[in-house]
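Derivation of every value follows stated rules applied to the coordinates shown; laboratory data play no part. These figures come from a predicted structure and were not determined experimentally. Cβ placement follows ideal geometry from the backbone for every residue including glycine, while neighbour counts extend to all protein chains displayed.
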Amino acid sequence: MTPMTPGTPLKDRIVVVGAALLDGGRLLAARRSAPADLAGRWELPGGKVEPGERPEDALVRELREELGIEAEAVERVPGQWPLRAPYVLQVWTARLRPGSPAPSPLQDHDELRWLTPDRIWEVDWLDQDVPAVREVAPRLTTGLH
């Protein structure tokens with residue numbers, strides 16, 4: 001991936017939201033199956049914010065479309081991380097809504113895993129997700145969302 005240059009105008013950036021989905025002291029990780037250069041690595045699930053859409057609404061929509069689950073955004077994780085130009089990653093903590101169904105068949109992922117604090121670094125996270133996971137990890141033991 002080519003990192004975005006710091007001078008990329010804000011209006012030309014496209015926000016990708018990632019979900020730090022927390023449930024019972026666990027964090028949900030998704031293993032990429034596509035594209036080929038990302039396959040086998042783990043990420044926080046999510047996707048692109050559509051024009052006119054709020055990031056937290058995009059997060060809810062993406063979790064529904066990608067995983068077939070209903071969730072609600074809680075708060076934005078501090079920071080923003082460059083992806084391939086012109087994309088930037090923003091991460092929100094999220095929680096499952098009561099009665100949320102089990103995840104549906106995956107499209108760009110081939111495995112989901114709930115990680116406890118002692119196992120959070122057992123997966124090969126995508127580089128851009130690592131800072132967000134570091135920021136979220138303490139919330140697994142404190143219960144803060």
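Values as computed for the structure displayed
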| quantity | calculated |
| --- | --- |
| Environment charge of R64, counting only residues whose C-beta is closer than 12 Å and scoring Lys/Arg +1, Asp/Glu -1 | -4 |
| Rg in Å to one decimal, and Dmax rounded to a whole Å, for region 15-136 via C-alpha atoms | 13.1, 39 |
| Net dipole in debye of region 15-136 [+1 Lys, Arg Cβ; -1 Asp, Glu Cβ; about Cα centre; nearest 20] | 120 |
| Considering only region 23-145, percent of DSSP beta bridges that pair antiparallel, nearest 5 | 95 |
| Cβ-defined net charge surrounding R95, 13 Å radius [Lys, Arg +1; Asp, Glu -1] | -2 |
| A34-R97 FRET efficiency (beta carbon distance; Förster radius 41 Å; 0.05 resolution) | 0.90 |
| Length released on extending from R26 to E65, taking residue separation times 0.36 nm less the Cα-Cα span | 11.9 nm |
| Dipole of region 15-136 [Lys/Arg +1, Asp/Glu -1 at C-beta], most positive-end residue of A58, L28, V16 | L28 |
